[in-house]
Amino acid sequence: MSQPAPVNLQSLPFLSGLPQRLAAELTALSEPRRFEDGARVFQQGERIPGVFVVASGALKVFRSDGRGHVQVLDFIRPGQCVGEVQVFDSGPIASSAEAHGATACWLIPATPLRELAHRTPEVAEVLIQHFARKVRHLVELVDALSLHSVPERVAQVILDAQERHPERLVVEFEETQEDLAQCIGASREAFSRALRLLTDLDLIHSTFPVVRIVEVAKLQRYARG
């Protein structure tokens, strides 16, 4: 089986500030990994071997209470990564991940990455900035789950997807309604009702998985509550 296409580690948000020589050093240490659709990449509570960088496909990152309740934390897409927090706190990972479609990754081993951060101020600074952004993302997630209604959360999901292609008003989701509902702490039925409400309010036209935004500014105002 062929290896995933090489990833330029300088293109990753959490390593984009690295000098070329340091990015090349990490690239040389990285190992290819491939996963079939639905394959478990790591399990909540495990100690993982390093940072997984997605080259193609996606990783669904989630937490489960063991009783069937699932909270999707993120979908990690090409050029994004997961596992960096556990590399530096040396504890078990707080979430699980599975392949969302056939997925190829590069694994940056934990020990070389820690050693590089300890001896190189540039790497340490880049990582500090990355962790600060990650904390901000989690604060925004808590805000969405605790302070906004399900239709407002669904509106924000649509806006977040549209931001990846801001020149377009049409969003085509790769995730199922169940996946997206788990991202915002709702049931699939509640997610579907929210799509109908947003359509009735003439904010979107939905033939899920395709959603057309009528006017971005109006949808943004609604999502803010």
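The values are calculated or read from the model by the stated rules, or taken from the named source; none is laboratory data. Quick caveat, the model's predicted, so the values are computed rather than measured. Don't worry about glycine lacking a Cβ; one is built from the backbone with ideal geometry, like all the others, and counts go over all protein chains shown. Side chains are part of the model used for accessible areas, which takes the heavy atoms of the whole protein and leaves out ligands, DNA and RNA. Shrake-Rupley method; radii C 1.70, N 1.55, O 1.52, S 1.80 Å.
General remarks:
- Residues in the chain average 52 Å² of solvent-accessible surface per residue, probe 1.4 Å, ligands and nucleic acids excluded.
- Sites D37 and E115 - FRET efficiency at Förster radius 30 Å, r taken between beta-carbons, to 0.05: 0.30
- For the chain, the carbon plus sulfur part of the accessible surface works out to 53%, probe radius 1.4 Å.
- Peptides 203-211, 52-60, 31-39, 162-170, ordered by how many other C-beta atoms sit within 10 Å of their residues on average, highest first, read 52-60, 203-211, 31-39, 162-170.
- Working ranking of peptides 125-138, 175-188, 97-110 by packing, defined as the average number of other Cβ atoms within 10 Å per residue, highest first, is 97-110, 175-188, 125-138.
- Phi angles of the range 103-108 translate, via the Karplus equation with coefficients 6.51, -1.76, 1.60 and θ = phi - 60°, into HN-Hα couplings of 10, 10, 10, 10, 9, 8 Hz per residue; Gly and Pro are given as x.
- Furthest towards positive pole of dipole, P151, C183, G225, structure part the chain, Cβ charges: G225
- Computed on the Cα trace of the chain, the radius of gyration divided by the Kirkwood hydrodynamic radius gives Rg/Rh = 0.99.
- Per-residue ellipticity at 222 nm computed for the chain from its helices equals -13000 deg cm²/dmol, with DSSP H segments shorter than 4 residues left out and the rest contributing -39,500 (n - 2.57).
- When only the Cβ of Lys, Arg, Asp and Glu is charged (+1, +1, -1, -1), the dipole of the chain relative to its Cα centre reaches about 160 debye.
- In terms of Cα atoms, the Rg and Dmax of the range 42-132 work out to 13.7, 44 Å.
- Annotation: amide H-H contacts under 5 Å for S95 (H modelled 1.01 Å from N, sequence separation of 5 or more, or interchain): G45.
- With K and R counted +1 and D and E -1, the other residues having a Cβ less than 13 Å from that of E122 yield a net charge of 0.
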